[in-house]
Structure formats: structure tokens, C-alpha cells
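Asks: Quick one: this structure, given as C-alpha cells, is what I'll be asking you about.
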Amino acid sequence: MVVSHAKVPSPSGASVGRVYAADCTASTAHPSSGSKVRTTMVQLPAVNTPQFDWVLDRLPRRARPVAPIYQPKVAARAIVHAADHPRRREYWVGSSTAATLMANAVAPGLLDRYLARTGFDSQQSTEERDPSTPVNLWAPADNGPEGHDSGAHGRFDAQAHERSPQACASRHHTVVGAAAVATAVAAVAVARITGRRG
């Protein structure tokens, strides 16, 4: 089972449901239970989806994801990889997600104060919100009378990243770790050789 989680709550409160789902599923896959169910958490960055066009909110301006924004295929690739490789407890997608999670582990109070100061404005664009825009709370907003499907991409294509080097490194952490060790060994060897000559 794969559970994804947003790094910053969205205006719709969708991440609350994801956190709840993570809490519920984590208890079902406890190693001592003898279950063969594996739970893997995929920590996601801001993703360019249409949800920001139809979310019901009370913000004065149009909702937007907190930058940096990634294309949906970056999240999809990570989730598919996690489903295919469920032994890891967690995958981080995007450098902003990794930075947020590390900062939260080291100084959670500092991160909370920063998000309290910047979070409200960073989740809004400069455009005024149109109160007549359809919302998806009571019915699908992208399935109007014409049966229109908005697809997976939102209105932030120009700003969204197509790939995440951090997510690639996370998927291939063994290779990256081996390369880091090899680089460190080579650096020590070079330092010793140059130290003998000096």
C-alpha cells in the first residue's frame, strides 16, 4: 500500500485526509503482526494539478501550490516506484520536500513559525478569486454539462519542474551512496598523495 502526503496543507485541507490515511494504514502493517502488507509513504512536493482551480476556499485571491511546483508525472513516477519497491518506509520527492522534512526533524518550532508567517500568502496567486468558479466539494467540477475532463495538469505548467533530481537520487539511493563513498575515498587518497609531496 502506498500513501502519499503533501508537504504543506492545501487550501482544501486535502493533506489532512492523507495524514489520517497514513496513520490508519501504518498500524495495519506493523512488522510484528505477521502481515505481508507493506506501507510506504511518498512525501510529495507541490504538484501542478487542477485542484487549485476548483478548490472551495475562503482565500481572498486564487489558490496556488507553494513553490517549487512539480508536474504530476514527477509524483506519479515516485508513487509507481514506491508501489513496485515497497520495502522502504518512505520516499521523498523534490528538494523542497527533503528540506522541509529535515528542518522539521531538527527544528520543528522554527519551521512552524516560518510557515505561519509565509504560508497564507504563498498559497495564493496575485489574481483575484472569482466567487462564481465551480468547486468540487459537492460534485466533480471538471465534469460539467459538456463532460469536460481537465486532465492532470493545472494552470502552472510554465512554473512546474518536469523532473526532480532529488527524487531520482532517492529512487537509486544505493548507487548514489556508493558513488558518495567512492568520491570520499578518492578525495582522501588524493589528499594523502598531495600531502606526501608537500
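The values are calculated or read from the model by the stated rules, or taken from the named source; none is laboratory data. These numbers come from a predicted model, not from an experiment. Please note: Cβ atoms are built from the backbone with ideal geometry, for glycine as well, and neighbour counts cover all protein chains shown. What goes into the accessible areas is simple: the full protein's heavy atoms, side chains included, and nothing from ligands, DNA or RNA. Shrake-Rupley method; radii C 1.70, N 1.55, O 1.52, S 1.80 Å.
Asks: Exactly one condition in (1) at pLDDT 90 or above; (2) loosely packed, with under 15 Cβ neighbours inside 10 Å is false for ARG58; which is it?
Replies: The single condition ARG58 does not satisfy is (1).
Asks: Same structure again: Among the candidates ALA99, ALA82, ALA76, which residue alone is out of contact with any Pro (no Cβ under 7 Å at 6 or more places or on another chain), buried (at least 20 other Cβ atoms within 10 Å of the Cβ) and assigned to a helix (DSSP H, G or I)?
Replies: Just a single option satisfies the conditions, and that option is ALA82.
Asks: Only one of these is among the aliphatic types (A, V, I, L, M) and under 23 Å from PRO72 (Cβ atoms): ALA98, ALA186, ALA180. Name it.
Replies: ALA98
Asks: If the Cβ limit is 6 Å and pairs must be 6+ apart or interchain, which residue in the range 110-126 that is assigned to a helix (DSSP H, G or I) pairs with which residue that is open to solvent by 60 Å² or more (accessible area, probe 1.4 Å)?
Replies: Once the first residue is assigned to a helix (DSSP H, G or I) and sits in the range 110-126, its partners that are open to solvent by 60 Å² or more (accessible area, probe 1.4 Å) give LEU111/ASN104.
Asks: Further, regarding this structure: Being open to solvent by less than 100 Å² (accessible area, probe 1.4 Å) and of a type in the set (Asp, Glu) is the filter; apply it to the range 123-137 and report the residue that is modelled with the lowest pLDDT.
Replies: ASP130
Asks: Next question, about the same structure. Looking at the range 77-105, which of its residues are within 30 Å of LEU137 (Cβ to Cβ), free of Cβ contacts under 8 Å to residues at least 12 places away in the same chain and among the hydrophobic types (A, V, I, L, M, F, W, C)?
Replies: Passing the criteria: only VAL80.
Asks: Can you find a residue in the range 108-122 that is open to solvent by 40 Å² or more (accessible area, probe 1.4 Å), of a type outside the set (Ser, Thr, Tyr) and within 30 Å of THR174 (Cβ to Cβ)?
Replies: There is at least one residue in the range 108-122 that is open to solvent by 40 Å² or more (accessible area, probe 1.4 Å), of a type outside the set (Ser, Thr, Tyr) and within 30 Å of THR174 (Cβ to Cβ).
Asks: Say whether the condition of being at pLDDT 90 or above and within 13 Å of the chain's Cα centre (by Cα) is met by at least one residue in the range 138-158.
Replies: No: the range 138-158 contains no residue that is at pLDDT 90 or above and within 13 Å of the chain's Cα centre (by Cα).
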